[in-house]
Amino acid sequence: MPAMAKKNGKPPKQSKATKQSKAAKESKAAKKARTLLMDELNEKRSVFGRKQDEVRLLEEEIKIKGDGMTESQRREKNDQLGREVKNLQRLKTDLEEELNKKNVDLTQKILQEVSDVIKEFMKKEKYTLILEKKSVVSSDEAIDITEKILRLYDAKKK
């Protein structure tokens with residue numbers, strides 16, 4: 001029979017498991033934060049779309065009026081179009097990088113907050129071990145505390 005570690009001279013409570021990533025994705029606070037991030041993304045997509053429309057209009061202007069333009073006017077418009085296309089590509093890259101960074105930062109922040117809630121729960125309930133569910137090969141569903149952690153996290157974020 002395996003030996004059990006004792007905490008404070010008492011046998012430890014049974015181990016528990018949680019799905020920390022589920023709590024980080026499905027909590028009300030996480031959903032609200034992601035909604036705010038998506039609102040910001042949609043606003044920036046709108047700005048990008050307007051810039052894209054401006055580039056299309058410039059392309060059309062060159063196609064339609066190109067024959068009536070002097071060589072220098074056509075060259076100037078093509079140069080302008082080239083600059084606008086480069087600016088558009090830079091804007092797209094910047095927006096993607098910014099979104100990725102904000103998403104990573106948000107995810108790390110939420111995971112840290114969930115981790116803090118798990119530590120508080122562990123201390124309060126006097127558990128010696130709480131495992132990430134995906135690291136457990138097999139377990140009884142009765143030991144899954146994910147929903148409890150989700151509720152505690154949401155209550156803390158109100």
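Checked across region 122-129, the condition of being β-branched (Val, Ile, Thr) and touching a Pro at 6+ places or on another chain (Cβ under 7 Å) holds for at least one residue. Applying a threshold of 6 Å to beta carbon distances and a minimum spacing of six or more residues, or different chains, the list of pairs starting in region 139-158 at a residue that is at positive phi and free of Cβ contacts under 8 Å to residues at least 24 places away in the same chain and ending at one that is surrounded by 16 or more Cβ atoms within 10 Å (Cβ to Cβ) and not in a strand (DSSP E or B) is empty. Taking the residues in region 92-109 that are farther than 14 Å from residue 48 by Cα and basic (Lys, Arg) as candidates, determine which candidate is surrounded by the fewest Cβ atoms within 10 Å (Cβ to Cβ). Out of the qualifying residues, it is 101. A single entry from 156, 124, 134 fulfils the requirement of being farther than 30 Å from residue 46 by Cα, touching an Asp or Glu at 6+ places or on another chain (Cβ under 9 Å) and not aliphatic (A, V, I, L, M): 156. The condition of being closer than 30 Å to residue 148 by Cβ, of a type in the set (S, T, N, Q) and loosely packed, with under 15 Cβ neighbours inside 10 Å holds for only one of 112, 89, 80, 73, that being 112.
Give me the residue from region 72-91 that is touching a helix residue (DSSP H, G or I) at 6+ places or on another chain (Cβ under 7 Å) and in contact (Cβ under 8 Å) with a residue 24 or more places away in the chain and, out of that set, nearest to residue 102 (Cα to Cα). That would be 91. The condition of being within 30 Å of residue 133 (Cα to Cα), assigned to a helix (DSSP H, G or I) and modelled with pLDDT under 85 holds for only one of 29, 3, 17, that being 29.
Close contacts from region 53-71, counting a first residue that is under 21 Å from residue 92 (Cβ atoms) and a second that is surrounded by 10 or more Cβ atoms within 10 Å (Cβ to Cβ) and among the aliphatic types (A, V, I, L, M), with Cβ to Cβ under 8 Å and a gap of 6+ residues or different chains, come to 55/81; 55/85; 55/88; 58/81; 59/81. Residues to consider are 119, 124; find the one that is without any contact (Cβ under 8 Å) to a residue 40 or more places away in the chain and closer than 16 Å to residue 23 by Cβ. Just a single option satisfies the conditions, and that option is 119. Applying the condition of being closer than 14 Å to residue 20 by Cα and not in a strand (DSSP E or B) to region 130-142 and asking which residue is modelled with the lowest pLDDT yields 136. Would it be correct to say that residue 93 is among the hydroxyl-bearing types (Ser, Thr, Tyr) and part of a helix (DSSP H, G or I)? Spelling it out, residue 93 is indeed among the hydroxyl-bearing types (Ser, Thr, Tyr) and part of a helix (DSSP H, G or I). Listed by first and then second residue, the pairs with beta-carbon distance under 8 Å, at least 6 apart or on different chains, first residue in region 8-36 and over 16 Å from residue 152 (Cα atoms), second of a type in the set (Gly, Ala, Ser) and modelled with pLDDT under 85, are 12/5.
Starting from residues that are more than 42 Å from the chain's Cα centre (by Cα) and surrounded by 10 or more Cβ atoms within 10 Å (Cβ to Cβ), keep the ones in region 34-70 and report whichever is modelled with the lowest pLDDT. Here the answer is 66.
The values are calculated or read from the model by the stated rules, or taken from the named source; none is laboratory data. Everything quoted here is computed from the prediction, not taken from an experiment. Positions of Cβ are backbone-derived with ideal geometry, glycine not excepted, and every protein chain shown enters the neighbour counts.
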